[in-house]
1. Take the residues of region 57-76 that are among the β-branched types (Val, Ile, Thr) and surrounded by 19 or more Cβ atoms within 10 Å (Cβ to Cβ): which is nearest to Gly151 (Cα to Cα)?
2. Against the definition (out of contact with any His (no Cβ under 6 Å at 6 or more places or on another chain) and modelled with pLDDT of 95 or more), how does Leu59 come out, yes or no?
3. Here's a check for you: in region 78-127, which residue that is touching a Pro at 6+ places or on another chain (Cβ under 7 Å) and surrounded by fewer than 17 Cβ atoms within 10 Å (Cβ to Cβ) is farthest from Leu156 (Cα to Cα)?
4. Please work out which one of (1) more than 25 Å from Thr25 (Cβ to Cβ); (2) modelled with pLDDT of 90 or more is the condition Lys138 fails and give its number.
5. Identify, by number, the condition in (1) touching a Leu at 6+ places or on another chain (Cβ under 7 Å); (2) modelled with pLDDT under 95 that Val179 doesn't meet.
6. Would you check which residues across region 74-110 are over 20 Å from Lys141 (Cβ atoms) and outside any strand (DSSP E or B) and list them?
7. Restricting attention to region 179-192, which residues are more than 16 Å from Ile115 (Cα to Cα) and surrounded by 20 or more Cβ atoms within 10 Å (Cβ to Cβ)?
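The values are calculated or read from the model by the stated rules, or taken from the named source; none is laboratory data. Being a predicted model, the structure only gives us computed values, none of them experimental. Note: ideal-geometry Cβ built from the backbone for every residue, glycine included; neighbour counts use all protein chains shown.
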Amino acid sequence: MKKIFIFVVFFFLFENTWAQSTKSTLGISIGQWQPNQINTESPSSVFSGTADSTPFYSLHLSRHIFGDIDVHILIGYWAHFFDRDIDPFTLRILPLQIGVKQILIVDSSISPYVIYGGGLLFANTIKGEQIQKSGPGKLTKTGFEIFLLTGIQVDLIGPIGLNLNFGYVVANMPESLGVGVNYSGLRATIGVNYSY
């Protein structure tokens, strides 16, 4: 976990050493990750998560490379409480993604895009209900994910914009956590970003 934190801090602090003429976008988002295996739990909400789940929180950076292509990096957080009669527990997952963001309409105040790529899932399980406690704790399991998202970015005031994302994530863990190894499902977020 410490290595992940150091990598993310290093990247966000020193990415401005890349070509100065290149545009970057830094943003925060909130939304819902709805793994198919817990799809029967209700109610669900893009803003409050599913029942017994946190929302999906994320911090992301897009850096223009050429033409309509950006490199996209995201670190997120999601947790779910499995309320069992015997040994209830909380699952926490921290995704670290890297992908390609392709802008479909360049130099427009309303820009649709697609994002695709892959990443790692760092996870752990903790006995009892730990949803309200801050931080993911020690993440001892590592899985992987691939994703395809579509979205739209709307310029609001100056460098501030709004982004909406919706797509599908194929997510697997190396061993059973919670309800199994497969946490694939829909992911939708809304957020704000700052372009510079």
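1. If we filter region 57-76 for residues that are among the β-branched types (Val, Ile, Thr), which is where we start, we get 65, 69, 71, 73, 75.
Of the ones still in play, those that are also surrounded by 19 or more Cβ atoms within 10 Å (Cβ to Cβ) are 73, 75.
On the way: Ile73: 15, Ile75: 18 Å.
So, considering only residues that are among the β-branched types (Val, Ile, Thr) and surrounded by 19 or more Cβ atoms within 10 Å (Cβ to Cβ), the one nearest to Gly151 (Cα to Cα) is Ile73.
2. Working: out of contact with any His (no Cβ under 6 Å at 6 or more places or on another chain): yes; modelled with pLDDT of 95 or more: yes.
Yes: the conditions hold for Leu59.
3. Across region 78-127, the extreme among qualifying residues is Leu104.
4. (2)
5. Of (1) touching a Leu at 6+ places or on another chain (Cβ under 7 Å); (2) modelled with pLDDT under 95, only one is false for Val179: (1).
6. Asp83, Asp85, Ile86, Leu104, Ile105, Val106, Asp107, Ser108, Ser109, listed by residue number.
7. If the condition is that a residue be more than 16 Å from Ile115 (Cα to Cα) and surrounded by 20 or more Cβ atoms within 10 Å (Cβ to Cβ), then Tyr183 is the only one that fits.
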